[in-house]
Amino acid sequence: MILSPSLLAADLADSAAELSALEGAGIQWLHLDIMDGVFAPNITFGPPFLRALRSRSSLFFDVHLMIGEPARYLEDFCKAGADMLVVHIEADIHVRRTLAEIRALGMKCGVAVNPGTDIGFLRWLAHDLDMLLLMSVNPGFSGQSFLPEVYDKLRFARALLEEAGAGDVPVQVDGGVCPENAGALANAGADILVSGSAFFGHRPYGARLSAFMRAAEVSPPRRAGEVARSWRGCGQM
């Protein structure tokens, strides 16, 4: 299992110290929520902030674009230091083309899906993406409650990926994730968990990471999780 803490819930005024604390705790991924106030009802940060973080960190930058027309900004985020770009199926008319462009820029690519969106598209896009992100809250704000219907959606997603011959594609879950539901998510098919306030609100980070890892242990480990862990070397620092 991989834990990708969402920086949106951290102390952004002291981002450098937060990065140092995360790396000291053994965290290897960082989830960055990019919102434009249009696709999601919030405005966060963009490539300049990402570039500043990259100069301070070798963490794997897991960049979630909750923005309209994401294809316009792929090169900007690549130059800023993203290791993976995840675009929303609801926000991009030509998702397959966008995924191909992300890969051509040397990054991993993913598709994100809102809670109310069907995932039947996986039958046709499974081999075009490196990761699937299932939102377990409606996008916009940290601290929301987990939507329990996502458990069934997660099982269905894993079944569709297997059916398409893409069982090695990791599945990430974002929204309301905490140690109390991490085990159920892992057993339902999650390989990567995103956690914001349920992680950053509980120091020390090393102990909190251990709590997540103990709760989400799956035996034997899934191949998809091993694939995601191999991306660690993508860090651009």
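Return a yes/no flag: does the stretch 15-36 have any residue that is on the phi > 0 side of the Ramachandran plot, out of contact with any Asp or Glu (no Cβ under 8 Å at 6 or more places or on another chain), small (G, A, S) and at pLDDT 95 or above.
Yes, the stretch 15-36 has at least one match.
Counting only helices (runs of 4 or more DSSP H) wholly contained in the stretch 132-237, the ones carrying 3 or more residues that are over 18 Å from I2 (Cα atoms) and more than 16 Å from the chain's Cα centre (by Cα) occupy 150-163. Looking only at residues of the stretch 122-131 that are outside any loop (DSSP other than H, G, I, E, B) and touching a residue at least 40 places away in the same chain (Cβ under 8 Å), we find that the one that is nearest to R103 (Cα to Cα) is M131. Annotation note: of A112, A100, the sole residue that is in a strand (DSSP E or B) and closer than 24 Å to V171 by Cα is A112.
Does L122 fit the bill of being under 28 Å from D168 (Cα atoms), buried (at least 18 other Cβ atoms within 10 Å of the Cβ) and either modelled with pLDDT of 95 or more or not aromatic (F, W, Y) (or both)? Spelling it out, L122 is indeed under 28 Å from D168 (Cα atoms), buried (at least 18 other Cβ atoms within 10 Å of the Cβ) and either modelled with pLDDT of 95 or more or not aromatic (F, W, Y) (or both). Picking from residues in the stretch 18-32 that are in contact with a strand residue (DSSP E or B) (Cβ under 8 Å, 6 or more places away or on another chain), touching a residue at least 60 places away in the same chain (Cβ under 8 Å) and not aromatic (F, W, Y), the one that is nearest to L133 (Cα to Cα) is H31.
Within the stretch 168-181, if we keep just the residues that are more than 22 Å from W231 (Cα to Cα) and touching a residue at least 40 places away in the same chain (Cβ under 8 Å), the residue that is surrounded by the most Cβ atoms within 10 Å (Cβ to Cβ) turns out to be V177.
Considering (1) over 18 Å from L12 (Cα atoms); (2) over 18 Å from the mean Cα position of the chain (by Cα); (3) modelled with pLDDT of 95 or more, the lone condition that V95 does not fulfil carries the number (2).
Take the conditions in a loop (DSSP other than H, G, I, E, B), surrounded by fewer than 22 Cβ atoms within 10 Å (Cβ to Cβ) and of a type in the set (D, E) and apply them to E90. Does it pass? Here the answer is yes, as E90 does meet what is asked. The set of residues in the stretch 69-87 that are small (G, A, S) and in a strand (DSSP E or B) is empty. Contact map, the stretch 213-227: first residue surrounded by fewer than 14 Cβ atoms within 10 Å (Cβ to Cβ), second residue part of a loop (DSSP other than H, G, I, E, B), Cβ cut-off under 6 Å, separation 6 or more or different chains; pairs are R223/D168. Among residues of the stretch 60-78 that are in contact (Cβ under 8 Å) with a residue 60 or more places away in the chain, those with a Cβ under 8 angstrom from a residue that is part of a helix (DSSP H, G or I), sequence gap 6+ or separate chain, pair up as F60/W231; F60/R232; F60/C234; F61/L50; F61/L53; F61/R54.
Of everything in the stretch 45-68 that's in contact with a helix residue (DSSP H, G or I) (Cβ under 6 Å, 6 or more places away or on another chain) and assigned to a loop (DSSP other than H, G, I, E, B), which residue is surrounded by the fewest Cβ atoms within 10 Å (Cβ to Cβ)? Per the stated criteria, the residue is R56. Annotation note: of G143, G110, G165, the sole residue that is within 16 Å of H31 (Cα to Cα), of a type in the set (G, A, S), surrounded by fewer than 17 Cβ atoms within 10 Å (Cβ to Cβ) and touching a residue at least 12 places away in the same chain (Cβ under 8 Å) is G143.
The values are calculated or read from the model by the stated rules, or taken from the named source; none is laboratory data. Note that the coordinates shown come from a computational prediction; the quantities given were computed from them, not determined experimentally. Reconstructed Cβ throughout: ideal geometry from the backbone, glycine too, with neighbour counts over all protein chains shown.
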